[in-house]
Amino acid sequence: MKAAVLNRFGSPLEIEQVEDPVLGTGEVIVDIVAAGVLSYANEVFSGERNYLLELPVIPGTSGVGRVSAVGPDATHLAIGDWVFCDPTVRSRDNALAPDITLQGLSARGPGGLKLQQYFRHGSFAQRMRLPTENAKPIGMIDPDDAARWCALGTLLVPYGGFLAAQLQPGETVLVSGATGRFGSAAVAVALAMGAAAVVAPGRNEIMLAELKRRFGARVHPVRLSGSESDDTERMKRAAPGPIDCVLDIMPPSVTTDVVRSAVMTVRPYGRVALMGGVGMLGGPGLELPYPWIMRECITIYGVWMCPPTAAVKMVGLIRGGLLDLKQFEPTCFDLDHANQAVAHAAANNQPFKMTVISP
């Protein structure tokens, strides 16, 4: 099959003919129709992000395609089914604390690296092998819509945070990082889950206005000033009532004071989900006041990706009309132009824009 291969960090992807994936028990093979390109893929491929990723590798996290082969233990999946390829691969021999690798992107620790060495290759290829449980059925779709369904790869990240923080219909949410790619998706997801109000802080006034235009009166934009204490009060004032839940999904480039100003807005007995990249490139840790956490009974969740059932529930939100994939605008490249796709993704990192490779 044809695939885009990363042979060395800092070098372009090479378009090669590689061996077809071989099916094993507990696995499926999917013919990839569309594969989303992360906006920071160039930083991973250059080595700048220092992700745990053994080379050579076919990169690409998640994809949409049709099942072409199933193992003997699959009881529901059938050849031809449309599926979302969930990149969060978990070890099967430790139910309490499974090791995790993000197929085609990175691993978490030595156990995740061992898992990566088997479930190694991602979706920048004509075919992809993945664990049976990671092929999430999405129902019949028009092949022309496959690129838009790649938005699941973005939407499922904040959805995992909201599920962990037990977001309930009617609650008020604050999304720290609301004007970014994942943060804007978090606004859409929170509203689809029934949030009564979403406080959307940021410095990008154009994007704040765009969120208000797209989603209406339930979105409450806040222009940040850069002062930690002042911004905390601004966000509280913008909310129509106490803030029940805070989701932080800021990128690694942001300083911890920005995150802290958002976290400190949550009400007593409130919940905070930390999903961003702050601190991953070094620098100070996130310092939160112990007495405040204790006396106000604040619950803080650290969340990486989403639980195995999340994709099925997200498909339900989409099929039920609560979340509209037409919000997302894909730009597609063929596999021969994978490097151009990576460059395009980096240069066009606006919310609701997607770069997609169609093998």
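The values are calculated or read from the model by the stated rules, or taken from the named source; none is laboratory data. A quick note: this is a predicted structure, and the numbers were derived from the prediction, not measured. We place every Cβ from the backbone using ideal geometry, glycine too, and count neighbours over all the protein chains shown. Quick note on the areas: whole protein, heavy atoms, side chains included, nothing else; ligands and nucleic acids left out. Shrake-Rupley method; radii C 1.70, N 1.55, O 1.52, S 1.80 Å.
Some points to look at:
- Counting only strands (runs of 3 or more DSSP E) that sit completely within segment 1-47, those holding 3 or more residues that are among the small types (Gly, Ala, Ser) correspond to 27-36.
- Any hit, segment 330-347, residues being closer than 29 Å to Glu171 by Cα and open to solvent by 70 Å² or more (accessible area, probe 1.4 Å): no
- Of all residue pairs spaced 6 or more apart or on separate chains, those with beta-carbon atoms under 7 Å, a first member in segment 265-294 that is open to solvent by 60 Å² or more (accessible area, probe 1.4 Å) and a second member that is among the small types (Gly, Ala, Ser) are Leu286/Gly279.
- The residue pairs whose first member lies in segment 338-352 and is part of a helix (DSSP H, G or I), whose second member is small (Gly, Ala, Ser), and whose beta carbons are closer than 7 Å, counting only pairs six or more residues apart or on different chains, are Ala338/Ala4; Val342/Ala41; Ala345/Ser39; Ala345/Ala41; Ala346/Ser39.
- Residues within segment 48-68 that are open to solvent by less than 60 Å² (accessible area, probe 1.4 Å) and either at pLDDT below 95 or part of a loop (DSSP other than H, G, I, E, B) (or both), tallied: 9
- Tally, over segment 185-203, of residues that are modelled with pLDDT under 95 and under 21 Å from the mean Cα position of the chain (by Cα): 1
- Members of segment 130-147 that are buried (at least 22 other Cβ atoms within 10 Å of the Cβ) and within 23 Å of Ala341 (Cα to Cα): Ala146, Ala147
- For segment 299-321, filtered to residues that are touching a residue at least 12 places away in the same chain (Cβ under 8 Å) and in a loop (DSSP other than H, G, I, E, B), the residue that is farthest from Met250 (Cα to Cα) is Pro308.
- Meets criteria (in contact with a helix residue (DSSP H, G or I) (Cβ under 7 Å, 6 or more places away or on another chain) and farther than 23 Å from Leu155 by Cα) for Glu27: yes
- Only strands (runs of 3 or more DSSP E) whose full extent lies in segment 194-263 are considered here, and the ones with at least 1 residues that are open to solvent by less than 20 Å² (accessible area, probe 1.4 Å) and touching a residue at least 60 places away in the same chain (Cβ under 8 Å) are 197-202, 243-248.
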